[in-house]
Amino acid sequence: FDPRHYLGTHCHGFPKTGPHRLRFLLESVKDLRETLKKKGSTLVVRKGKPEDVVRDLITQLGSVSAVVFHEEVREIL
């Protein structure tokens, strides 16, 4: 979870993620983790800036051969 996603928007100052959306996200992540666990896998969840968290995870795991990500689409006004 990137803390920057829970700050106000750039244009209007409204919460980017309100309490209902946050609850939905948390429940979704919990459900995904439980589903993966039933299949013999796991889900790593961290809070922080992705550029820091991913680097730390790679260092921690030591044997990472690939990293895949997507960039958030930003609305152009």
message: Using only Cα atoms and rounding to the nearest 10 degrees, what angle (0 to 90) does helix 50-61 make with the longest principal axis of the chain?
response: 10 degrees
query: For labels at residue 55 and residue 34 in the simple 7 Å Cα→Cβ model, what's the distance in nm?
result: 3.6 nm
- line: With residue 27 itself left out, Lys, Arg at +1 and Asp, Glu at -1 over residues whose Cβ is under 14 Å from its Cβ give +2
- prompt: Out of residues 5 or more away from residue 2 or on other chains, whose amide H comes under 5 Å of its own, with H placed 1.01 Å from N in the peptide plane?
  reply: 48
field: Heavy-atom accessible area per residue - the chain, 1.4 Å, Å²
entry: 94 Å²
- line: For region 3-61, the accessible surface attributable to carbon and sulfur atoms (probe 1.4 angstrom, ligands and nucleic acids excluded) amounts in percent to 60 percent
Full-extension gain in nm, residue 68 to residue 22, via 0.36 nm per residue minus C-alpha separation: 14.2 nm
- line: Rounded to the nearest 10, the angle in degrees between the Cα long axis of helix 19-38 and the longest principal axis of the Cα atoms of the chain comes to 10 degrees
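The values are calculated or read from the model by the stated rules, or taken from the named source; none is laboratory data. Quantities reported herein were computed from a predicted structural model and do not represent experimental measurements. Ideal geometry is used to build each Cβ from the backbone, glycine not excepted, and the neighbour counts take in all protein chains shown. Side chains included, ligands, DNA and RNA excluded: accessible areas come from the protein's heavy atoms. Shrake-Rupley method; radii C 1.70, N 1.55, O 1.52, S 1.80 Å.
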